[in-house]
């Protein structure tokens, strides 16, 4: 197995991390699409980003990284906000990259 250690990989991982943070913090349509799926279902990130403003950022990443990126979410049993907490997971398996975000679904539901 070959491990990638180049500076390009680090830059790519940073871009992926920024993209995932932008999606969770500001893309209500992305969150709406994601939460329509049951918890634990792996969804292709490209499918969730169709026609979003952030799609251009994703296309730039796709020029250097065409491999599959998946997103899923699960309920997160948080004592204070149990019924509203979720973990969102982004995964690019081919480069062993992942990003996890804790999300309060109440914030999303209040916007819609």
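The values are calculated or read from the model by the stated rules, or taken from the named source; none is laboratory data. No experiment lies behind these values; they were computed from the predicted model shown. For neighbour counting, all protein chains shown are included, and Cβ atoms are generated from backbone atoms with ideal geometry for every residue, glycine included.
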Original post:
Exactly one of (1) surrounded by 16 or more Cβ atoms within 10 Å (Cβ to Cβ); (2) at pLDDT 95 or above; (3) farther than 16 Å from residue 105 by Cα is unmet by residue 42. Its number?
Top reply: (1)
**OP:** Please work out which residue is nearest to the chain's Cα centre (by Cα), limiting yourself to the stretch 51-64 and to residues that are surrounded by 11 or more Cβ atoms within 10 Å (Cβ to Cβ) and not in a helix (DSSP H, G or I).
**Re:** 54
Original post:
Mind checking which pairs have a first residue in the stretch 23-35 that is farther than 16 Å from residue 99 by Cα and a second that is at pLDDT below 90 and part of a helix (DSSP H, G or I), Cβ under 6 Å, 6 or more apart or different chains?
Top reply: 28/111
Original post:
From the set of residues in the stretch 78-92 that are in contact with a strand residue (DSSP E or B) (Cβ under 9 Å, 6 or more places away or on another chain) and part of a loop (DSSP other than H, G, I, E, B), which is modelled with the lowest pLDDT?
Top reply: 81
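Would it be correct to say that residue 47 is exposed (fewer than 15 other Cβ atoms within 10 Å of the Cβ), under 13 Å from the mean Cα position of the chain (by Cα), in a helix (DSSP H, G or I) and without any contact (Cβ under 8 Å) to a residue 60 or more places away in the chain? Please lay out each step first, then the result.
On the way: exposed (fewer than 15 other Cβ atoms within 10 Å of the Cβ): yes; under 13 Å from the mean Cα position of the chain (by Cα): yes; in a helix (DSSP H, G or I): yes; without any contact (Cβ under 8 Å) to a residue 60 or more places away in the chain: yes.
For residue 47, the condition - exposed (fewer than 15 other Cβ atoms within 10 Å of the Cβ), under 13 Å from the mean Cα position of the chain (by Cα), in a helix (DSSP H, G or I) and without any contact (Cβ under 8 Å) to a residue 60 or more places away in the chain - is met.
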